[in-house]
Amino acid sequence: MVDYTSHDLNRAAHILQALRWHGEEERRLWETELEEGLSIADLQANAEQFYDDVDLLESFRLDYPAVLLGDNRVFVPVALSEIIAPKALQATLTASYQRRSRPGPYWFFFRYLLRFIPRPSLRNMLSEAIKRGMVRFGDGATMLSPAEARETFFQRACEFLATRIAGRRSFRGGEPPDGPAPELSMRKFIGGPPTKVAGCIFSVHTKSPGLSAYWSGAYLISSNYHGAPTTPARGVLQAGTYVFGVSGGAYGNTVQWDQNKVCTLPGTSSVTLDY
């Protein structure tokens, strides 16, 4: 496992502070400071998702859902898209509160909806949907104030990006024991130029066969497809700290997360989930 330095952490914080607001200054920062072989497109997408979610909940005076992860039992926020059904309701609500005032596909429908549903009723609908969706996270489920959620997201994301920066340095310092690291062609940032990113081949094992595996950065629970079927499901991931989940079989279409299995890459090459 790679260890990041205080310089890596400070640099990650500098980059992530720019993710809070989207604009030309931010783009110029990334164009000049993001070197070849480093991509933050996933962090950028998750940051936009998180800040839209937390701004929405704060506007309704609601707390933000979070879970405890790993042996260290650290809090990690959960994206609303992971817990609210139907997703059309979440999309409708979120689209109306886009912090950059960009009308989404459901924005006009939401404006129409507001004429018929009182705001307190919308608040109650949202609150109840979150409570129902958090049930599957068990005793690890909790709620944070919007301020606590923002601080927690920022801290976890800084650690994640610092690990990625250190991982890039270790990849360039020499080949892994089992040969050259696989490469991914990715955007440096959303809308930015492509770059070749060194990755890690990672396998997800499960007790039940035929499941689909998903990953999430351990700073915001938000599902990304990893591979299928188990066991194992293999894919390539950039450096970072991840948590994994599954869907399919007895678990249906809803991703079930193994909150106790947190893996930092480069390092271990596989995980066995309790599913």
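Out of (1) surrounded by 15 or more Cβ atoms within 10 Å (Cβ to Cβ); (2) under 16 Å from Ser269 (Cα atoms), the odd one out for Gly140 is which?
(2)
Check whether at least one residue in region 8-24 is of a type in the set (Lys, Arg), at pLDDT 90 or above and over 14 Å from the mean Cα position of the chain (by Cα), and report yes or no. Even if it seems obvious, please write down each step before you answer.
At the first step, the residues of region 8-24 found to be of a type in the set (Lys, Arg) are 11, 20.
Imposing the further condition that a residue be at pLDDT 90 or above reduces the set to 11.
From what is left, the residues that are over 14 Å from the mean Cα position of the chain (by Cα) are 11.
Checked against the condition, which is being of a type in the set (Lys, Arg), at pLDDT 90 or above and over 14 Å from the mean Cα position of the chain (by Cα), region 8-24 yields at least one hit.
For region 25-51, give me the residue count where each residue is of a type in the set (Asp, Glu), modelled with pLDDT under 85 and buried (at least 17 other Cβ atoms within 10 Å of the Cβ).
Count: 1.
Would you mind finding the one in Thr272, Thr241, Thr231 that is at pLDDT 90 or above, of a type in the set (Val, Ile, Thr) and part of a loop (DSSP other than H, G, I, E, B)?
That would be Thr231, the only listed residue that is at pLDDT 90 or above, of a type in the set (Val, Ile, Thr) and part of a loop (DSSP other than H, G, I, E, B).
Among the residues of region 240-249, write down those that are under 26 Å from Leu38 (Cβ atoms) and either free of Cβ contacts under 8 Å to residues at least 60 places away in the same chain or more than 14 Å from the chain's Cα centre (by Cα) (or both).
Tyr242, Phe244, listed by residue number.
Of Thr264, Thr254, which residue is outside any strand (DSSP E or B) and of a type in the set (S, T, N, Q)? It would help to see each step written out before you state the result.
Values: Thr264 fails: outside any strand (DSSP E or B).
Testing whether each residue is outside any strand (DSSP E or B) and of a type in the set (S, T, N, Q) leaves just Thr254.
Determine which member of the set Tyr219, Tyr214 is closer than 22 Å to Arg156 by Cβ, part of a loop (DSSP other than H, G, I, E, B) and at pLDDT 95 or above. Don't jump to the end; show me each part of the working.
Working: Tyr214 fails: part of a loop (DSSP other than H, G, I, E, B).
Being closer than 22 Å to Arg156 by Cβ, part of a loop (DSSP other than H, G, I, E, B) and at pLDDT 95 or above holds for just one of Tyr219, Tyr214, which is Tyr219.
What number of residues in region 179-219 are over 26 Å from Thr272 (Cβ atoms) and polar (S, T, N, Q)?
Counting residues in region 179-219 that are over 26 Å from Thr272 (Cβ atoms) and polar (S, T, N, Q) gives 2.
Please give the number of the condition Ser121 fails out of (1) out of contact with any Lys or Arg (no Cβ under 8 Å at 6 or more places or on another chain); (2) under 28 Å from Leu29 (Cα atoms); (3) of a type in the set (Ser, Thr, Tyr).
Failing condition for Ser121: (2).
Determine if region 167-189 includes at least one residue that is small (Gly, Ala, Ser), modelled with pLDDT under 90, open to solvent by 50 Å² or more (accessible area, probe 1.4 Å) and farther than 25 Å from Leu29 by Cβ.
Checked region 167-189: at least one residue is small (Gly, Ala, Ser), modelled with pLDDT under 90, open to solvent by 50 Å² or more (accessible area, probe 1.4 Å) and farther than 25 Å from Leu29 by Cβ.
Please enumerate the residues belonging to region 258-275 that are of a type in the set (A, V, I, L, M) and closer than 16 Å to Ala239 by Cα.
Val262, Leu265, Val271
Determine which member of the set Thr152, Thr92, Thr163 is modelled with pLDDT of 60 or more, open to solvent by less than 30 Å² (accessible area, probe 1.4 Å), among the hydroxyl-bearing types (Ser, Thr, Tyr) and touching a Gly at 6+ places or on another chain (Cβ under 9 Å).
So the residue among Thr152, Thr92, Thr163 that is modelled with pLDDT of 60 or more, open to solvent by less than 30 Å² (accessible area, probe 1.4 Å), among the hydroxyl-bearing types (Ser, Thr, Tyr) and touching a Gly at 6+ places or on another chain (Cβ under 9 Å) is Thr163.
Could you list, in sequence order, the residues of region 221-251 that are among the hydroxyl-bearing types (Ser, Thr, Tyr) and more than 18 Å from Ser269 (Cβ to Cβ)?
Those that are among the hydroxyl-bearing types (Ser, Thr, Tyr) and more than 18 Å from Ser269 (Cβ to Cβ): Ser222, Ser223, Tyr225, Ser247, Tyr251.
Please go through region 230-253 and pick out each residue that is surrounded by fewer than 16 Cβ atoms within 10 Å (Cβ to Cβ) and closer than 26 Å to Ala141 by Cβ.
Within region 230-253, Gly249, Ala250, Gly252, Asn253 qualify.
The values are calculated or read from the model by the stated rules, or taken from the named source; none is laboratory data. Model, not experiment: these values are computed from the prediction. In this analysis, Cβ positions are derived from the backbone assuming ideal geometry, glycine residues included, and neighbour counts consider all displayed protein chains. Ligands, DNA and RNA are excluded from the accessible area calculation, which covers all protein heavy atoms including side chains. Shrake-Rupley method; radii C 1.70, N 1.55, O 1.52, S 1.80 Å.
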